[in-house]
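To start, the structure under review is shown below, and the notes come after it.
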Amino acid sequence: MAAEVAGWIGGSRPGGRLPRLGNPDWDQKPHLIEDTARRKPLGIAPHGSLADRLYREKKFDILTGLLKRMRDTGVLVGLSAHNPALVELAEEKGWDVDYYMCCLYYRTRNREEYVKLLGPDLPLGGIYLPSDPPRMFKVVQQTRKPCLVYKVLTAGWRIGNPAEVRRCLATALSNIKPGDALIVGMYQEFGDQVGENAAIVREICAARRKVRQP
């Protein structure tokens, strides 16, 4: 199973579970789409790494074929992407999708792309560029379709203190549309992160409503 959520959306009711995560190999195993649909998810989206790879390889027919196969199952169709250019292409071409899953960081760049941006002396491990979120936020704001925005806390790299968490959530909430949502990873073993984050979001939203009042 992949560590990243992308296979399908489930658990629409309180206490619901997300029992299946998708691997980025559905171009080789498209039958998994029907297998997933039989579990009655709200929607299905190709893994973001798969969609980004097919975009890079210009295999648009394969990607749109997967989207059509998902549509034929009768569920909502999503498109997950780390590269904002993929969402822009889907919008330009009018691809048949109901929602987007938008990563704030373009995590699927290959080494050549990183070298072009940063030089040959690349850091070990994951690379999260501060210039990435504004690009994806712009795409989120331009589409009328709902967007599920993820990597809001930079995969756990920006949780050093409550103020930093608040800044990340506030930035995300101020850059998404009504009807969009955030996907935030939490780990209850380190405290009531669900309760803490929910309280922060309620405070941010209440403050924004107060500012908008005449």
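Computed from the coordinates by the stated procedures, all read-outs in this text should not be read as laboratory data. None of these values were measured; they are calculated from a predicted model. A quick note on method: Cβ atoms are made from the backbone with ideal geometry, for glycine too, and the neighbour counts reach across all protein chains shown.
A few remarks follow.
- Fraction of antiparallel bridges per DSSP, the chain only, in percent to nearest 5: 15 percent
- Pairs exceeding a 26 Å alpha-carbon distance, out of LYS59/LYS116; LYS116/LYS138; LYS93/LYS138; LYS151/LYS210; LYS58/LYS177; LYS93/LYS145: LYS151/LYS210; LYS58/LYS177.
- Once you reduce segment 137-183 and segment 42-76 to the center of their Cα atoms, the two points are 24 Å from each other.
- Simple spin-label estimate for GLU92 and LYS59 in nanometres, 7 Å along Cα-Cβ: 2.1 nm
- For segment 96-164, the list of trypsin sites (Lys or Arg not before Pro) that fall in a loop by DSSP and count at most 13 other C-beta atoms within 10 angstrom reads ARG144.
- Normalised by 2.2 N^0.38 Å, where N counts its residues, the alpha-carbon radius of gyration of segment 8-212 equals 1.07.
- Note on PHE190 and ASP35: their simple-model spin labels are 3.3 nm apart, each label 7 Å out from Cα toward Cβ.
- Among the GluC sites (Glu not before Pro) in segment 42-148, those located in a DSSP loop and surrounded by at most 14 other Cβ atoms within 10 Å of their own Cβ are GLU57.
- Net charge of the neighbourhood of GLN28, taken over other residues with C-beta under 13 Å away and scored Lys/Arg +1, Asp/Glu -1, is +1.
- Residue-averaged [θ]222 nm for the chain, counting only DSSP H segments that reach four residues, each worth -39500 (n - 2.57): -13000 deg cm²/dmol
- A simple count of charges around ARG109, restricted to other residues whose Cβ falls under 13 Å of its Cβ and scoring Lys, Arg +1 and Asp, Glu -1, yields +2.
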